[in-house]
Every structure is written in structure tokens, then in C-alpha cells.
Amino acid sequence: MLVILLLSPMTTLNDRSTGSIPTSRAALTTGLLGILALLSAVAPFATDLYLPTFPAIAAEFGADATGVQLTLTAFLIGVAAGQLMFGPLSDRFGRRPLLLIGAVVFVIASAATVFAPSLGVLIAARLLQGLSGAAGMVLGRAVIADLAVGPAAARAMSLMMIVGGVAPVVAPLVGGAIAESLGWRGVLAVVLGIAVVMLVAVSAGIRESLPRERRAELAVLRRATGSPLRAMLSREYIGYTLTFAFSFTAMMGYISASPFLYQSMMGLTELQYGLLFGANSLALMATSAVSSKLVGRVPARRLVAIGLIAMAVGVAALLLLALAGAAAWTLAVAVFVVVASLGFVFGNATALALGAVPDAAGSASAVLGALQFGLAAVVSPLVSIGGETTAVPLAIVMAVAAAISVAAFLTTRRVR
């Protein structure tokens, strides 16, 4: 029954955009898309690059696993709050000025993480890093929403995931290799280098996608219709936003617990951990590439349904295996299935959500991103409640997130 409900063809805003409504307002160049992908990859790099160093950070500061997890939690809280700040402001003042401000502050915060003298300072610097890094993420999606709709937007979102997917593939490998020679501070120095590259790319390659004339039109529209939040009360926007956010929550549970799952439970080295983490990320990139090829021929909603079905199967297997105390490598196989399935969900669900509120792209992107990382911040400490020798908390968190994601998706079905 779940499979039938998820795959049932229903009319959506995205479906209508494939008809007589133009699917693109302006061309998204390869160079622009590459820069936007870099902006979206900042958070994965800032997160995944230093994951293999969690044990080393804990040893240097005399902290336990939960204390080190706070450096990740603070970053995720910052990303959530930053998106709520930058998104609505960009609808009024434009995308480029706020992108530049975010990039400058991100460089400063990244430098602070490298020289942090204590765990408390590191946590504070990571919070600021998340706040400023959020600008690139939320405004990158808004730029795409400014320039494309329908299948064009879904394809662009999926392609961003492919390019941005290099981050989680490369990050743990680079992080593991650097940590062995330069320690965790050297790893965070690489993040600083990425921050500088991002600042240069934004300065040289991003032009305003929401010109003053368009902002003036939107201001008139806001005065006539009220707050853009009213437009975001539609069932399509809420349903697809929750679908995306809770699917990401399931993946964030895996990311947060992966150092202890792979290193403590499976006994892998930092480099081996990076290789296995990278394999999962490659699977996500591959399914995202397949999705980008199919969108336009297959409705975006159907592609989301396919991804959710596969995710549900993988999470169910993970929960059963964890409760049965199965070998850690079997848990890794179930996690692989879950991560791979999300390539069909992320880009398409994002495009469907933002396509439901095209006149408030910045605010809509902000709410979507804030919910995404706000939930991730909550999940991050939950997966380690049971310690470093059990995957049951991880499996429960992922199962709950997957269930909510599927339920939210089903609310987007239209009554005939």
C-alpha cells in the first residue's frame, strides 16, 4: 500500500510547469552553477572534513564524545539560524551583497577554529562559522529559484548535488590523511582555505539575480498580499519542505554517528573510515546524476517517491539489524542503501518546495534550510546517547525521520 500511495501520479505545481508554462526564466551557465555548488558544499566540507578527528579533539581537550559532538551541533544551529537571517534579507536587498558579507565572516570564523585554545572557543567559532556559511547555502538555492522553474530547477538542484557531492567524498579522505600528519588543526586549516576560495569565487563570479526592479515588484506584491509567510502555508510547500528536511535528518543521523560506527564499532582507521564514508557519498552522487537525467521525462514527484521507498527499506533493515545485535558490517550495508536513495529525494523535493512559492524564494529557501539544519542539530547528540558500542539510537532516529518524511510527502497528494 505504501508503494502504491507514493508512486500514484498526482498533479503538482511542478507538474503544471512542464506544460504551457515556461520552465526557465534565464539560462543557468555552467560556471554559475559550479560556484553555487561550491557554496552548497561549504557546509559538507566544514562538517565532514573534521569528522575523522573527533577522537583526537576529545583527547586534546579531555572531553567525551558528547562534548565533541557539540562542535558539530553548534555549527548546525548556526547554519539553521543564519539561513533564517540571510534568506528574507536577500528578498529585500538582493543576493550578492549578503553573499559577500557571509563569505567574509566565514573566513574570519574559520581562522578562529584553527587557533581555538579550548573546546569552548572551538564551539563558539563553529557557531559563527555556521551562521556565516549559511549565506551561501540559502542564497545559492534562491539564485536558482530566481533563474529557473519546473524541470529546469529540479535538474539544476540535482546537478548542484552532484558537484557539491564531491565534498563528502573528498572531505573524509582528505581529513583522515591530513589528521595523521597535521592533526585536527591542520584539517580545520583546509576549511579556512576553502573559505578563502569561496570568497574569491563569490566576488568574481556572482552577479545579482534579483535586480532592483524585481525587488520593487515583490515589495509591491508584499504590500498587497501581506507577509510572504502566508504563501508558504500552502500544502505543497509545507509537505515537500518536510519531506526534504526529515530525509536530510535521517542522513545527518548517519553522518553524526559515522565516526563511532565505523571506527569504534568496526575498528577502522581514520583513512579507512574516509574511504567507506566516501563510498556512500559516491553512491549519493550517482543517484543524483541519474535523477538529473530522468527529470523532465519522469515527474519530479515520482522520483521523490522512488527515493523514499528505497530509504524506507534501508532504514527498516537497519533498525532490525541493530535491535538484533547484528555485525557492524551489515549495518554499514543498510546505511549505504539509505544514503544512495536520497539522491532521488534532495534535489527534486527542494525544487518542488521552492516552486510552490516563486515570489518569496529567499524566505522559502531560508525556512527550508533552517528546518533542515535545525533538525540536524537536534539529531546530532541523540545518536550517541547509547555510547560508542551500539547503533540502536542511530537506527531509531533514522527510522523516525524516515517515517515523518514519507508521511509529509503523502500530504502533498491532491484529492481528485
All-but-one check, residue 392 against (1) at pLDDT below 90; (2) under 25 Å from residue 289 (Cα atoms); (3) surrounded by fewer than 20 Cβ atoms within 10 Å (Cβ to Cβ), failing number (2)
task: Check segment 297-316 and report whether any residue there is touching a residue at least 12 places away in the same chain (Cβ under 8 Å), more than 23 Å from residue 238 (Cα to Cα), among the aliphatic types (A, V, I, L, M) and surrounded by 23 or more Cβ atoms within 10 Å (Cβ to Cβ).
output: yes
The helices (runs of 4 or more DSSP H) lying entirely within segment 307-406 that contain at least 2 residues which are among the β-branched types (Val, Ile, Thr) and under 19 Å from residue 251 (Cβ atoms) are 328-341, 361-382
Within segment 32-69, of all residues that are surrounded by 23 or more Cβ atoms within 10 Å (Cβ to Cβ) and not in a helix (DSSP H, G or I), the one nearest to the chain's Cα centre (by Cα) is 49
* What do you reckon, is residue 21 in a helix (DSSP H, G or I) and either farther than 26 Å from residue 255 by Cβ or at pLDDT below 75 (or both)? -> no
Restricted to segment 288-306 and to residues being among the aliphatic types (A, V, I, L, M) and outside any helix (DSSP H, G or I), the residue modelled with the lowest pLDDT is 295
Within segment 128-162, residues over 19 Å from residue 199 (Cα atoms) and either touching a Phe, Trp or Tyr at 6+ places or on another chain (Cβ under 9 Å) or at pLDDT 85 or above (or both) come out as 157, 158, 161
Of the residues in segment 228-245 that are buried (at least 19 other Cβ atoms within 10 Å of the Cβ) and polar (S, T, N, Q), the one that is modelled with the highest pLDDT is 243
Counting only residues in segment 100-136 that are assigned to a loop (DSSP other than H, G, I, E, B) and small (Gly, Ala, Ser), the one surrounded by the most Cβ atoms within 10 Å (Cβ to Cβ) is identified as 116
For residue 79, indicate whether it is surrounded by fewer than 24 Cβ atoms within 10 Å (Cβ to Cβ) and either assigned to a helix (DSSP H, G or I) or in contact with a Ser or Thr (Cβ under 9 Å, 6 or more places away or on another chain) (or both). no
Worksheet item: Would you call residue 328 in contact (Cβ under 8 Å) with a residue 24 or more places away in the chain and either under 20 Å from residue 84 (Cβ atoms) or surrounded by fewer than 22 Cβ atoms within 10 Å (Cβ to Cβ) (or both)?
Response: yes
The condition of being modelled with pLDDT of 80 or more, of a type in the set (Ser, Thr, Tyr) and within 21 Å of the chain's Cα centre (by Cα) holds, among 405, 365, only for 405
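The values are calculated or read from the model by the stated rules, or taken from the named source; none is laboratory data. Here the structure is a predicted model, which means the values were calculated and not measured. Reconstructed Cβ throughout: ideal geometry from the backbone, glycine too, with neighbour counts over all protein chains shown.
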